[in-house]
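Engineer: My questions will all concern the structure given below.
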Amino acid sequence: AQTVTQSQPEMSVQEAETVTLSCTYDTSESNYYLFWYKQPPSRQMILVIRQEAYKQQNATENRFSVNFQKAAKSFSLKISDSQLGDTAMYFCALGNTGNQFYFGTGTSLTVIP
Amino acid sequence: GAVVSQHPSWVICKSGTSVKIECRSLDFQATTMFWYRQFPKQSLMLMATSNEGSKATYEQGVEKDKFLINHASLTLSTLTVTSAHPEDSSFYICSARDLTLPSRYEQYFGPGTRLTVT
């Protein structure tokens with residue numbers, strides 16, 4: 001079975017500060033990808049960052065980076081220099097050789113001015 | 001690249017009528033399309049998966065006669081909510097995947113359709 005767990009339903013961070021969102025997963029597959037999606041109030045799902053499981057190097061995209069711990073099945077998202085536009089729901093997702101994505105329950109992030 | 005559109009973005013219909021939602025991949029061929037339902041402040045719930053030219057595979061608990069999915073071409077899938085009732089009111093999101101792309105595990109999401117049944 002594939003599962004994705006986000007244990008932080010809500011988080012807040014001061015503008016310009018750094019915040020880390022947690023995600024753990026479980027899969028028996030050897031080939032898989034991990035994703036963080038952002039869903040702002042418009043509800044459009046926006047890809048923030050992706051990580052290929054076979055790559056040891058942590059993915060980075062500007063202010064967004066991940067800490068991928070394959071053995072621990074952990075995939076946290078770090079947002080640096082938080083901006084008001086980062087306020088959104090964040091979903092961690094697992095994609096594998098099958099058709100499905102497995103989503104976490106989401107973390108609602110609020111950036112406080 | 002990899003843009004997915006949905007139409008309409010929001011729709012209001014009367015109870016007992018049917019409504020069709022279109023999902024299009026604009027710049028790639030969607031070998032597989034997915035339909036999700038999302039309630040406020042909750043995660044996405046997969047309703048069904050469809051491959052072009054094949055019947056959709058529905059998730060457990062999803063009524064296939066109520067939520068008709070057609071994936072007639074590599075760029076278009078439709079979701080028809082038949083005999084809609086107020087409890088069908090929700091946010092519906094489609095996504096698409098192209099297994100020929102290097103990022104074949106990635107899904108590209110449409111902007112969603114807000115359905116309100118009165």
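The values are calculated or read from the model by the stated rules, or taken from the named source; none is laboratory data. Quick caveat, the model's predicted, so the values are computed rather than measured. With ideal geometry, Cβ positions are generated from the backbone for all residues, glycine too; neighbour counts draw on all protein chains shown.
Engineer: State yes or no: is B:Glu52 at pLDDT 95 or above, farther than 24 Å from A:Thr105 by Cβ, surrounded by 12 or more Cβ atoms within 10 Å (Cβ to Cβ) and touching a strand residue (DSSP E or B) at 6+ places or on another chain (Cβ under 9 Å)? Please lay out each step first, then the result.
Structural biologist: Numbers: at pLDDT 95 or above: no; farther than 24 Å from A:Thr105 by Cβ: yes; surrounded by 12 or more Cβ atoms within 10 Å (Cβ to Cβ): yes; touching a strand residue (DSSP E or B) at 6+ places or on another chain (Cβ under 9 Å): yes.
So B:Glu52 does not fit the description; no.
Engineer: List, please: which pairs have Cβ atoms under 7 Å, are six or more places apart or on different chains, and start with a residue in the range A:68-86 that is more than 24 Å from A:Pro40 (Cα to Cα) and end with one that is assigned to a strand (DSSP E or B) and acidic (Asp, Glu)?
Structural biologist: Close Cβ pairs (under 7 Å, with a partner that is assigned to a strand (DSSP E or B) and acidic (Asp, Glu)) amount to A:Lys73/A:Asp26.
Engineer: Another one. Filter the range A:50-81 down to residues that are of a type in the set (A, V, I, L, M) and closer than 23 Å to A:Thr110 by Cα and give me whichever is surrounded by the most Cβ atoms within 10 Å (Cβ to Cβ). Show your work before the answer.
Structural biologist: Going through the range A:50-81, the residues of a type in the set (A, V, I, L, M) turn out to be A:53, A:59, A:66, A:71-72, A:77, A:79.
Okay, now just the ones that are also closer than 23 Å to A:Thr110 by Cα, so A:66, A:77, A:79.
Details: A:Val66: 25, A:Leu77: 23, A:Ile79: 22.
Only one residue tops the list, namely A:Val66.
Engineer: Still on this model: Which members of the range B:75-110 meet the condition of being in a loop (DSSP other than H, G, I, E, B) and either buried (at least 17 other Cβ atoms within 10 Å of the Cβ) or modelled with pLDDT of 95 or more (or both)? Don't jump to the end; show me each part of the working.
Structural biologist: Residues of the range B:75-110 in a loop (DSSP other than H, G, I, E, B): B:75, B:82-85, B:89, B:98-107, B:110.
Scanning the range B:75-110 gives B:Thr75, B:Thr82, B:Ser83, B:Ala84, B:His85, B:Ser89, B:Asp98, B:Tyr105, B:Glu106, B:Gln107, B:Gly110.
Engineer: Counting just the residues of the range A:101-113 that are crowded, with 17+ Cβ neighbours inside 10 Å and within 14 Å of chain B (Cβ to nearest Cβ), which one comes out farthest from A:Thr27 (Cα to Cα)? Full working, then the answer.
Structural biologist: Pass one, the range A:101-113, residues crowded, with 17+ Cβ neighbours inside 10 Å: A:101-104, A:106-107, A:109, A:111.
Among the residues that remain, those that are also within 14 Å of chain B (Cβ to nearest Cβ) are: A:101-104, A:106-107, A:109.
Values: A:Phe101: 12, A:Tyr102: 10, A:Phe103: 13, A:Gly104: 13, A:Gly106: 19, A:Thr107: 21, A:Leu109: 26 Å.
Filtering the range A:101-113 for residues that are crowded, with 17+ Cβ neighbours inside 10 Å and within 14 Å of chain B (Cβ to nearest Cβ), the one farthest from A:Thr27 (Cα to Cα) comes out as A:Leu109.
Engineer: Are any of the residues in the range A:50-68 of a type in the set (Val, Ile, Thr) and farther than 25 Å from B:Tyr108 by Cβ?
Structural biologist: So in the range A:50-68, the residues of a type in the set (Val, Ile, Thr) come out as A:60, A:66.
Now narrow it down to the ones that are farther than 25 Å from B:Tyr108 by Cβ: none.
No, the conditions are met nowhere in the range A:50-68.
Engineer: Here is a further query. I need the full set of residues from the range B:74-118 which are of a type in the set (A, V, I, L, M, F, W, C), over 20 Å from B:Ser43 (Cα atoms) and within 14 Å of another protein chain (Cβ to nearest Cβ), in order please.
Structural biologist: Here is the first cut: in the range B:74-118, the residues of a type in the set (A, V, I, L, M, F, W, C) are B:74, B:76, B:79, B:81, B:84, B:91, B:93-94, B:96, B:99, B:101, B:109, B:115, B:117.
Still in the running and over 20 Å from B:Ser43 (Cα atoms): B:74, B:76, B:81, B:84, B:99, B:101, B:117.
Within the range B:74-118, B:Leu99, B:Leu101 qualify.
Engineer: Of the residues B:Tyr108, B:Tyr36, B:Tyr92, B:Tyr58, which is without any contact (Cβ under 8 Å) to a residue 12 or more places away in the chain and under 14 Å from the mean Cα position of the chain (by Cα)? Give the steps one after another, and end with the answer.
Structural biologist: Details: B:Tyr108 fails: without any contact (Cβ under 8 Å) to a residue 12 or more places away in the chain; B:Tyr36 fails: without any contact (Cβ under 8 Å) to a residue 12 or more places away in the chain; B:Tyr92 fails: without any contact (Cβ under 8 Å) to a residue 12 or more places away in the chain.
Among B:Tyr108, B:Tyr36, B:Tyr92, B:Tyr58, only B:Tyr58 is without any contact (Cβ under 8 Å) to a residue 12 or more places away in the chain and under 14 Å from the mean Cα position of the chain (by Cα).
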